[in-house]
């Protein structure tokens, strides 16, 4: 019996997952698995100019079939490997042909609507061929958040809480300290030179700079990044 | 070009979902207003001190 069937983009983004134990659907484990396998595949391709076809565990095998746009992965017991390999090739061919017939040029599940139909047909095909036994229909709607969550976690970004790393935090602390120094020196000059009190209002900008710098350091959050929709975790 | 370039983790990235964007904007606005308020308060304190001293 096939324990798991997974289809991933060659970049590592999973697009289909079935697990006979936990039923259909994505888990963080399956997302990590997809990234791990894509990394090994890419590594083998870059360094050895070949693809990984089998990963052997103590009592299970990952069998892999890499195509131009995707890789199909079976997790199977260490018996009847040749039968599973044949099934894997059939499944992979089916998906490949379907992609060609539907004129699909990329498998971006977030921008390409036709992928949803493709995955439903693929799910149907697996059921017709008794490769999956779950009665629950495959849904790929919810995996986007899980995937994003994992992607963000892997670099340390937490939406609304942390969008800068250690180096970037230190930069803001230094800016805050420089602004504090400017403010103290300028205030001293105003006092010692007996300048008009209105000059103190010129200190508003460095004073704001002091607190904006310190607050960004303390909160691990950059205002500029927040408004410009980016994170820099360096 | 180093052929291991693909292993580099992308730590500088555009946020691609609306929910995270909104959370970030809210937080950015919160820190900015706190910074402005505290800056103004410090200036007022400096002004008060100036009047006391001079």
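The values are calculated or read from the model by the stated rules, or taken from the named source; none is laboratory data. Remember, predicted model here, so these are calculated numbers, not experimental data. Using ideal geometry, Cβ is built from the backbone for each residue, glycine included, and neighbour counts are taken over all protein chains shown.
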message: It is to be established whether one or more residues within the range A:188-207 are more than 7 Å from every other protein chain (Cβ to nearest Cβ), in contact with a strand residue (DSSP E or B) (Cβ under 7 Å, 6 or more places away or on another chain) and in contact (Cβ under 8 Å) with a residue 12 or more places away in the chain.
response: no
- request: Can you run down the residue pairs with Cβ atoms below 9 Å, 6 or more apart or on separate chains, where the first is in the range A:51-70 and outside the structural domain of residue A:8 (by TED's automatic domain parsing) and surrounded by fewer than 17 Cβ atoms within 10 Å (Cβ to Cβ) and the partner is modelled with pLDDT of 85 or more and in a loop (DSSP other than H, G, I, E, B)?
  value: none
- prompt: Applying the selection to the range B:31-41, what residues are more than 7 Å from chain A (Cβ to nearest Cβ) and either outside any helix (DSSP H, G or I) or in contact with a helix residue (DSSP H, G or I) (Cβ under 9 Å, 6 or more places away or on another chain) (or both)?
  reply: B:37, B:41
field: strands (runs of 3 or more DSSP E) fully within the range A:1-69 counting 3 or more residues that are at pLDDT 85 or above
entry: A:4-9, A:54-56, A:61-66
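Of the residues A:160, A:209, A:176, which single one is on the phi > 0 side of the Ramachandran plot and either surrounded by fewer than 17 Cβ atoms within 10 Å (Cβ to Cβ) or not assigned by TED's automatic domain parsing to the domain that holds residue A:116 (or both)? Break it down into steps so the answer makes sense when it comes.
Details: A:209 fails: on the phi > 0 side of the Ramachandran plot; A:176 fails: on the phi > 0 side of the Ramachandran plot.
None of the others qualify; the one that does is A:160.
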